[in-house]
C-alpha cells in the first residue's frame with residue numbers, strides 16, 4: 001500500500017508540474033503574439049510639477065464649497081478630503097488614459113487636457129447652475145477627440161460631467177444625461193472626422209439633437225426663443241441652450257487650427273490638408289526632383305496598403321510618405337532617380353566619404369525644410385526615421401575597394417531608428433520599392449515574396465525595427481500587402497498595331 005500511495009503522489013506531482021509548465025508556455029506564446037507595449041515619451045520634471053499643480057487647483061475648485069460652513073466638523077473635513085482626492089485621482093486617471101492611447105503625447109498636449117478641465121471647473125464655479133452643461137462640456141470634447149483621440153475625450157467627458165463644484169441635485173438629471181450622450185457622440189465622431197466640412201455638419205446636427213432630446217425629456221414648458229437678458233446663462237431655456245451650443249462649437253472649429261499650432265495637435269483634417277499635392281513643398285518636389293516624386297508616389301501605395309492591413313494610421317503615413325524625401329530638393333541631381341543617365345556626379349568626385357556626406361545631407365536638409373514650412377513633428381519624424389541608421393552599402397564597398405582607412409559607422413545614417421509603426425513601414429516600403437520595380441515582369445509571386453522577405457529580414461537583423469512596436473504577425477501582414485501591391489502594378493500591356501493616323505489607344 002505505501003508503494004501505491006507513493007506512486008500516486010509522484011503521478012500527481014508530475015501532473016501539477018506538467019500543468020504549470022504548459023500554462024507558462026501558453027502565457028509566453030500569448031504575450032509574444034501580442035503587439036509589444038510602446039513606452040510613453042518622457043516628460044520633464046518641471047512639466048510634471050506644472051501639471052500636478054493644475055490638478056491640485058482643479059481638485060480645490062471642485063471641493064472647496066464643502067468647507068464653506070459656519071462650523072467645521074470632522075465629518076465635513078473627511079467629506080472634503082474624499083471629494084478632493086477623488087478629483088485628484090480622476091485627473092491622474094485622465095493623464096494615464098491619454099498616455100496609453102497616444103504614447104507620443106507630449107507635455108503641451110497634457111497641459112491642454114488638464115487646462116480645459118480647469119477652465120470648465122472654473123466656469124461651473126463662477127456661473128453655478130445658471131449655465132447649461134451642454135455649452136461647457138461638448139466643445140472641449142471636440143478639441144480633445146480631434147487632437148488626442150476618442151478614448152481620451154471620453155475619459156475627459158466622464159470626469160467633467162460627474163465632477164461638479166455645486167451640488168448635482170441643482171442640475172436637471174435629464175439635462176446631465178443629454179450632455180453626457182452629446183459629448184460622447186462628439187468624442188467618438190470627432191476622432192474619426194477627416195475634414196472641416198464634417199466638423200461643420202457635427203456643429204449643426206449635435207445642437208439639433210440636443211434640442212430635440214431636451215424637448216422630449218425635459219418638456220416644452222421652457223421652449224422659448226432667445227432671452228436677450230439671460231442668453232449666456234440660460235440653463236433650462238431649451239432653444240437658448242441649443243443655440244448657444246451651436247455658436248460655441250462653431251467658434252471652437254475656428255480656433256482648432258490655433259490649437260494645432262500652439263499645442264502640436266495633428267488632426268485628420270490637418271493631415272489631409274498637408275497631403276494636398278498642390279502644397280508648395282510637394283509641388284517643388286514634383287518639378288525639381290521628378291524622379292524622387294515618382295518614387296515617393298510608389299512608396300505611398302506600398303506603405304498605405306501595409307498600414308491599412310495592420311490597422312495603423314493611414315492618413316499619417318500617406319502624408320508622411322509625401323514629405324519623407326523633401327531633403328533631396330537641396331541637390332536633386334545627386335540622386336540616381338533624378339539623373340538622365342548621361343553622368344553621375346558621384347563618379348566625378350570619386351570620393352566615397354564626400355558622397356556619404358551628401359546622402360546624409362538630404363536628411364539634415366529635409367529637417368530644415370520641415371522646420372521652415374512648420375510641418376508637424378509626427379510628419380517631420382518620417383524624414384530621419386525612414387533611413388534609421390542604415391548602411392550606405394554602395395559607398396562602403398567603394399571605400400573598401402580603395403582601401404581607405406574607414407569605420408563602418410561613418411557610412412551609416414545618423415538615425416534615429418523608426419520609433420513608430422508608420423515610420424518603420426515606410427522604411428520597409430522604401431527598401432522594397434526599388435527591388436520590386438526592378439524584378440522581371442514574368443517573376444513568380446514566390447520570387448517577389450522572397451525578395452521582400454530578404455529586405456525585411458535584413459532590417460530586422462540590423463536592429464532597425466527594435467523600437468517600432470511592430471509584432472511578428474504585423475510584419476507578416478506587411479510583407480503580404482507589399483506582394484499584393486506588386487501583383488497589381490506588374491500587369492502586361494497589349495502591343496497595339498501602329499498606323500499612320502495613330503487612332504488606336
Candidates 304, 273, 294, filtered to the one that is part of a helix (DSSP H, G or I) and touching a helix residue (DSSP H, G or I) at 6+ places or on another chain (Cβ under 6 Å): 304
Check on residue 389, assigned to a helix (DSSP H, G or I) and in contact (Cβ under 8 Å) with a residue 24 or more places away in the chain: no
Residues located in the stretch 283-297, provided they are crowded, with 18+ Cβ neighbours inside 10 Å and under 23 Å from the mean Cα position of the chain (by Cα): 296
Some residue of the stretch 365-377 being closer than 15 Å to residue 418 by Cα and either buried (at least 21 other Cβ atoms within 10 Å of the Cβ) or touching a residue at least 40 places away in the same chain (Cβ under 8 Å) (or both): yes
Criterion violated by residue 317 - all others in (1) surrounded by 18 or more Cβ atoms within 10 Å (Cβ to Cβ); (2) assigned to a helix (DSSP H, G or I); (3) not assigned by TED's automatic domain parsing to the domain that holds residue 474 satisfied: (3)
Pairs with Cβ under 6 Å, 6+ apart, first in the stretch 344-359 and not assigned by TED's automatic domain parsing to the domain that holds residue 389, second surrounded by fewer than 13 Cβ atoms within 10 Å (Cβ to Cβ): none
Test result for residue 265, farther than 19 Å from residue 131 by Cβ, in a loop (DSSP other than H, G, I, E, B) and either at pLDDT 50 or above or touching a strand residue (DSSP E or B) at 6+ places or on another chain (Cβ under 8 Å) (or both): yes
One residue from 265, 244 being within 22 Å of residue 323 (Cβ to Cβ), surrounded by 19 or more Cβ atoms within 10 Å (Cβ to Cβ) and not assigned by TED's automatic domain parsing to the domain that holds residue 419: 265
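The values are calculated or read from the model by the stated rules, or taken from the named source; none is laboratory data. Source: prediction; values computed, not measured. So basically every Cβ, Gly included, is an ideal-geometry build from the backbone, and we count neighbours across all protein chains shown.
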